[in-house]
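Here the structure is laid out as structure tokens; the discussion comes afterwards.
All of the numbers you see were taken from the coordinates with simple rules; none came from a lab. Everything numeric in this text was worked out from a predicted model, so none of it was measured. Neighbour counts run over all protein chains shown; Cβ positions are idealised from the backbone, glycine included.
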Amino acid sequence: MFDDQLFEDWLDNKTKAIFSKLGEEALSSDEMILLVLKAQTNHFEHLDKDLRTETAALNKELREEMILLRKDMDLRFEQVNSRIEQVDKHFEQVDRRFEQVDKRFEQVDKRFEQVDKRFEQVDKRFEVLTSRIDHFMVWSFATTLTVGGMVIAAIKFLP
């Protein structure tokens, strides 16, 4: 690989020698080329320094912006997490309400069972009452027939 420092030292020595005879003699084309080459290397060095400082500044800006973006994203994630927690709490409340509604339905079912038992008792009472009425009707009919038979017999046999 080419050693930059060795080239720069050589170029510096040559350009110093050329500068020392600059006012005394005319410069040859090789010497002019060396001076142009030195000017270009100086220009490249300044461009390199500028590019490196601008790159460093840009890297610093990008890092700061990335930090701000991360903070912003962290904040947004925290907001999303808090909203998710709120939704979870809301769902828990809805679950509790459903449990309360289920308990109320169970109570209503128990009441319906009690009402069913009462209707069964009323049905039994009606059956007992119906059988008593049936027995009373049979007894009443038999009594009426017996009394009627006695009246007819009394009319026939009594003068």
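Straight-line cross-link partners of K60 among the lysines, defined as a Cα under 20 Å from its Cα and at least 8 positions apart when in the same chain: K49, K71.
Taking label positions 7 Å along the Cα-Cβ direction at both F157 and E99, the computed distance is 8.7 nm, reported to one decimal. Dipole magnitude for the stretch 38-136: computed about the Cα centre from +1 point charges on Lys and Arg Cβ and -1 point charges on Asp and Glu Cβ, it is near 340 debye. Label-to-label distance for M73 and Q114 is 6.2 nm, based on points extended 7 Å past Cα in the beta-carbon direction.
Quick note on the chain: its Rg to Rh ratio, both from C-alpha atoms and Rh being the Kirkwood radius, is 2.06.
Extension gain, M150 to D88, is 13.2 nm, computed as 0.36 nm per intervening residue step minus the present C-alpha separation. In the chain, the calculated helix contribution to ellipticity at 222 nm averages -35000 deg cm²/dmol per residue, counting -39,500 (n - 2.57) for every DSSP H run with n ≥ 4.
Axis angle, to the nearest 10 degrees, between helix 4-20 and the longest C-alpha principal axis of the chain: 40 degrees. Helix 29-157 axis versus longest C-alpha principal axis of the chain: approximately 0°, rounded to the nearest ten.
Within the stretch 19-124, the trypsin sites (Lys or Arg not before Pro) that combine a DSSP coil assignment with at most 14 other C-beta atoms in a 10 angstrom radius are K21. Taking 14 Å as the cut-off, the amide N atoms of the stretch 54-73 that come nearer than this to a point 7 Å along the Cα-to-beta-carbon line of N81 belong to 71-73.
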